[in-house]
Protein chains: 2
Amino acid sequence: MPAPPEFLKYVDDNANNFIQRLADAVAIPSISGDASRRQDVIKMANWLNNQLKAVGVTTELKDLGTEQIEGQTLPLPPAILGRIGEDKNKKTILVYGHFDVQPASKSDGWDTEPFTLVRDEATGRLVGRGSSDDKGPVLGWVNVLQWHYENKKELPVNLRCCFEGMEESGSEGLDELVGRESKPGGWFEGVDAVCISDNYWLNTRTPALTYGLRGLAYYKITVSGPARDLHSGVFGRTVYEPMTDLIAIMGKLVDSQGRILIPGVEDLVSIADEDEKKIYASLDYSISDIEESAGAPIALSSDKVEVLMGRMRYPSLSLHGIEGAFSGVGAKTVIPAKVSGKFSIRLVPPQTPKLVDPLVRQYIQDEFSKLKTKSKLEIEDLHGGKPWVADHNHWNFEAAKRATWEIYGKLPDLTREGGSIPVTLTFAESLGVNVLLLPMGRGDDGAHSTNEKLDKANYLQGTKLLGTYLYEVA
Amino acid sequence: MPAPPEFLKYVDDNANNFIQRLADAVAIPSISGDASRRQDVIKMANWLNNQLKAVGVTTELKDLGTEQIEGQTLPLPPAILGRIGEDKNKKTILVYGHFDVQPASKSDGWDTEPFTLVRDEATGRLVGRGSSDDKGPVLGWVNVLQWHYENKKELPVNLRCCFEGMEESGSEGLDELVGRESKPGGWFEGVDAVCISDNYWLNTRTPALTYGLRGLAYYKITVSGPARDLHSGVFGRTVYEPMTDLIAIMGKLVDSQGRILIPGVEDLVSIADEDEKKIYASLDYSISDIEESAGAPIALSSDKVEVLMGRMRYPSLSLHGIEGAFSGVGAKTVIPAKVSGKFSIRLVPPQTPKLVDPLVRQYIQDEFSKLKTKSKLEIEDLHGGKPWVADHNHWNFEAAKRATWEIYGKLPDLTREGGSIPVTLTFAESLGVNVLLLPMGRGDDGAHSTNEKLDKANYLQGTKLLGTYLYEVA
Ligand SMILES: [Zn+2]
Ligand SMILES: [Zn+2]
Ligand SMILES: [Zn+2]
Ligand SMILES: [Zn+2]
């Protein structure tokens, strides 16, 4: 069912209050990756906890223990678990968001102070660190609850919240918490579906629902030889050089057209049928959108479907760099003693880090043997994550599609993201229910970048969308 | 003719004075590459100038102008030109050395304070920055002159000196000075041969004379695409990636066995005949010497002659690193926007930077075209230098061979160095005379490294050798 018209009107009428709420949140520099800001992340947890309690949510701050960072033992910021409604006849929906942010300082190139929300009346932009990632969406939920609380309206669903303060730093402690709370008697018992608002539209025009994420297998291959760096004048052509061998191996992983050359890795993935291709063809996204965001005419194909599938449903392999080689400016005639090439493979179902790992290792070892070098090889996987794809015809997605139609007057793009949001998989696997990614912001919001913004329209319409989704999913 | 026995005895008798002289020189941190030490280089020039005047040398401090370094305009340290003797019936010998040093600080891993000469009685090592490169050899000449001056003995030759303070920083200003002074009426007019003492024995046992140096052609190849670094999750397999293209090119330059794959580059070099191979076979240097100095069993061949020719008379190509890629520790999922591969080719006659340059550019451009990428390619040569080979049967070398026999009781190894000493070519080309490289230190002295040392025996025998060379060359 659609949301009550009074709710929608209330959002418009309270725009300034909601923006002030976002400004208050942005003002707390809750940078989880900066040890010196840890108290601000904890302060942010308390602030958000008070906001939730003030709109009638029963909350609990969950202590997640400590972590070692920069040589210190630091308390992890607590996760906030919240609940409203215990009606057995209603669906139970779990919403997730995070209240920590990426680092930011004016010296990075921001036009304004990153921890002061600046309202640009001309463009409608609300500029500040965390505005879009992810304080705006989290406060969207608070805004929704405020109307219900003030007007003594029951929610159409039982709501459960999980808000964390370590998302930008590997979600330390969250997997264990979700695992514990997913068990019978846990906080998440009875959850029927999950809604995560922490990603973006493909573009600046069309709302999106996201049903897939690529996984990752990140490798470091180290080639070593001499006991120390050597001078190329003295040793050039007398010894085996690790860089020569490493570059030879790195050159055999992927071709210029993006095809992965490791036998078996691409073969794991099914060919898209015509029905699936139609989804990509229908997306409001073009080659020129991609080239605009890359800043150059460098798309791998002129076929939009191919390029979108390259991002969303094909694996990819990128060479990131080399540790231990000469990386400065100028000319240095060194033969580096030990060099580590970094590359990663973005995975799609049914690929997993476990499935591709033996293929990667076998191939690299075989190719290295062919070099007949006396250098030594070591292969390490630095980290990995499984890909995720949800059923986008599930009632959870259908509710979001109807809600999008009601608020925006158009159907959402059905997208898969090229990157990963690990918590998605955590919820999907721990709870065994459908997970919906319901973004609030636009593709150009610049999360993790300078001048991060959330458009005022997205904040207000997004608040309405989150509320409407709860009615439609009920 | 051999040197007077009194001279040889004087060197032994004055060992402590000579070591004190070296200690005084080492105590001045004349680091030419560090703007904040420029006054120390100038102080060192004045100190050395006074030493030379005190032993009867007529000197002139030659102003070399200024240079831009780290955004400042700095005065270049003056070069010291010196002369003794104007006898038309004597040969005129020019000796060269440098009084600047490489940077050094205890925190680099030195066991002792680098600018305090430490005398290790157990090993006979004189440890300190510049002890071997090149203050020891320069003071060797001063020691020789001291005996002649104190005993009112005329030198057997007319001596000219050229001591500079910018050798470790590209010998700024020296080429022009040598060019000017080589002309009729210049300071170097009438020079019959040059002796440079600024390199090392092959090993720790056998003196050496050096008659060849490899040249260099250093390249930076830049591949670019996106306007900024991209996230591999969002862009992996949607755009051409500069790293993929750069690595493909770098992987086609040299094979693991050290063979240069750029067509035509190796073909320029003649095959060694049996006579030439005998020189390499006769050198007091083994595969295990090479592997010991590299710190690992990684020689390209088990054939000593092949390995020595690899260093001395074959060209080599080394891949040094990549600028602009991810080079830190850990895992970063970046698609770098612009990456520059650095590599250099060591050249041997008749190769020159000019001859190989079109071959390098054509090949890289051809291979890049084959990639069918939309990335952009730029090829730059950062710097270069011609190789040098002298006639090792010239009277200048014959004199040094006799002098070596007289002081060390063995014939010197006749070596070619794999690296370059650009000033050698400057003198050879400007003066058109034979240049001899007559090293004082051992192969393990660690010039440019931590714990640089000169063995006391090499300092004293080396002083005798320089003096004896003057008598033999006369
Ligand atoms: Zn986020
Ligand atoms: Zn984020
Ligand atoms: Zn030197
Ligand atoms: Zn040096």
Relative contact order of chain B, please, whole-number percent, based on alpha carbon pairs below 8 angstrom and at least 6 residues apart. 25 percent
Identify the GluC sites (Glu not before Pro) of the range B:42-107 meeting these criteria: DSSP loop state and at most 10 other C-beta atoms within 10 Å of the C-beta. B:Glu70, B:Glu86
Going by alpha carbons, how many degrees (0 to 90, nearest 10) lie between the helix axis of A:353-370 and the longest principal axis of chain A? 20 degrees
Return one number: the angle in degrees, 0 to 90 and rounded to the nearest 10, between the long axis of the Cα atoms of helix B:422-431 and the longest principal axis of the Cα atoms of chain B. 60 degrees
Can you give the net charge of the other residues whose Cβ lies under 12 Å from the Cβ of B:Asp120, counting K and R as +1 and D and E as -1? +1
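Is the shape of the range A:204-253 rounded, prolate or oblate, going by the alpha carbon gyration tensor and its root eigenvalues a ≥ b ≥ c, with a/c under 1.5 for rounded and a/b larger than b/c for prolate?
Numbers: a/c = 4.45, a/b = 3.60, b/c = 1.24.
Prolate shape, in that a/c is at least 1.5 and a/b is the bigger ratio.
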Spin-label point model (7 Å from Cα, Cβ direction): what's the A:Ser282 to A:Ser36 distance in nm? 5.1 nm
Using +1 at the C-beta of Lys and Arg and -1 at the C-beta of Asp and Glu, which of B:Asn199, B:Ser430, B:Ile84 has the Cα lying farthest in the positive direction of the dipole of chain B? B:Ser430
Other-copy label distances relative to B:Thr112, 7 angstrom Cα-Cβ extension, nm: 6.3
Just to confirm the number: angle between the C-alpha axis of helix A:395-408 and the first principal axis of chain A, 0 to 90 degrees, nearest 10? 70 degrees
The range B:333-474: translational diffusion in µm²/s, Stokes-Einstein, Kirkwood Rh over Cα pairs, 25 °C, 0.890 mPa s: 128 µm²/s
Skipping prolines and chain starts, which residues have an amide H placed within reach, meaning under 5 Å, of the one on A:Gly215, given they are 5 or more residues away or on another chain? A:Leu347, A:Val348, A:Trp388
Output, in nm with one decimal and in ascending order, the distances from the B:Lys43 label point to the matching label points of the other copies (7 Å from Cα along Cα-to-Cβ). 4.9
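Note down, for the range B:166-313, the three equivalent ellipsoid semi-axes (square root of 5 times each alpha carbon gyration tensor eigenvalue), biggest first, whole angstrom.
They are 40, 28, 16 Å, listed largest first.
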What share of the DSSP beta bridges in chain B is antiparallel, in percent to the nearest 5? 70 percent
When only Cα pairs under 8 Å and 6 or more residues apart are kept, what is the percent relative contact order across the range B:265-412? 18 percent
Can you give the Rg and Dmax of chain B based on its C-alpha atoms, in angstrom? 24.2, 82
Are there any GluC sites (Glu not before Pro) in the range B:172-249 that are in a DSSP loop and have at most 12 other Cβ atoms within 10 Å? List them by number. none
Inter-label distance for A:Lys183 and A:Gln257, nm, one decimal - labels placed 7 Å from Cα along Cα-to-Cβ: 5.2 nm
Reduced Cα scattering model of the range B:1-82, Debye log10 I(q)/I(0), q = 0.13 Å⁻¹: -0.56
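If you build the convex hull over the alpha carbons only and average its shadow over all orientations, what do you get for the range A:410-474? Give it in nm² to one decimal.
The number I arrive at for the range A:410-474 is 5.8 nm².
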Separation of the A:Glu70 and A:Asp357 label points, Cα + 7 Å toward Cβ, nm: 3.3 nm
Pop out the ³J(HN,Hα) list for the range B:263-269 in order, Karplus 6.51 cos²θ - 1.76 cosθ + 1.60 with θ = phi - 60°, rounded to Hz; leave Gly and Pro as x. x, x, 5, 6, 4, 5, 8
Using Cα-Cα distances under 8 Å and only pairs 6 or more residues apart, what relative contact order does the range A:306-377 have, in percent? 29 percent
Rg and Dmax of the range A:348-405, Cα atoms only, in Å: 20.5, 64
If the range B:237-386 were replaced by its equivalent ellipsoid, with semi-axes equal to the square roots of 5 times the Cα gyration tensor eigenvalues, what would those be, largest first, whole Å? 34, 20, 12
By the gyration tensor of its Cα atoms, with a ≥ b ≥ c the square roots of the eigenvalues, what is the shape of the range B:89-145: rounded for a/c under 1.5, prolate for a/b over b/c, or oblate? oblate
What are the distances, in nm and sorted shortest first, from the label point of A:Thr352 to the label points of the same position in each other copy, with each label point placed 7 Å from Cα along the Cα-to-Cβ direction? 6.5
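Treating the beta-carbon of each Lys and Arg as +1 and of each Asp and Glu as -1, no other charges, what is the dipole magnitude of chain A about its Cα centre, to the nearest 20 debye?
540 debye
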Express as a percent, rounded to the nearest 5, the fraction of DSSP beta bridges in the protein assembly as shown (both residues included) that run antiparallel. 70 percent
Could you tell me the distance between the Cα centroids of the range A:1-71 and the range B:445-466, to the nearest Å? 69 Å
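A 20 angstrom limit on the alpha carbon distance is what I want to check against. Which of B:Lys135/B:Lys464; B:Lys354/B:Lys376; A:Lys153/A:Lys401; A:Lys153/A:Lys464; B:Lys152/B:Lys464; A:Lys374/B:Lys453 exceed it?
Exceeds cut-off: B:Lys354/B:Lys376; A:Lys153/A:Lys401; A:Lys374/B:Lys453.
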Of the trypsin sites (Lys or Arg not before Pro) in the range A:104-181, which ones lie in a loop per DSSP and count no more than 16 other C-beta atoms within 10 Å? A:Lys152, A:Lys153
I'd like the per residue volume of the convex hull spanned by the Cα atoms of the range B:224-300, given in cubic angstrom. 171 Å³
Quick one: which residues, 5+ away or cross-chain, put their amide H under 5 Å from the amide H of B:Thr66? H built at 1.01 Å from N. B:Leu76
Computed Rg/Rh for the protein assembly as shown (Cα atoms; Rh = Kirkwood radius) stands at 1.11
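Each value in this text was obtained by applying a stated rule to the coordinates, not by laboratory testing. As the structure is a computational prediction, the values presented were derived from the model and not from experiment. Here the Cβ is made from the backbone with ideal geometry for all residues, glycine too, and neighbour counts use every protein chain on show.
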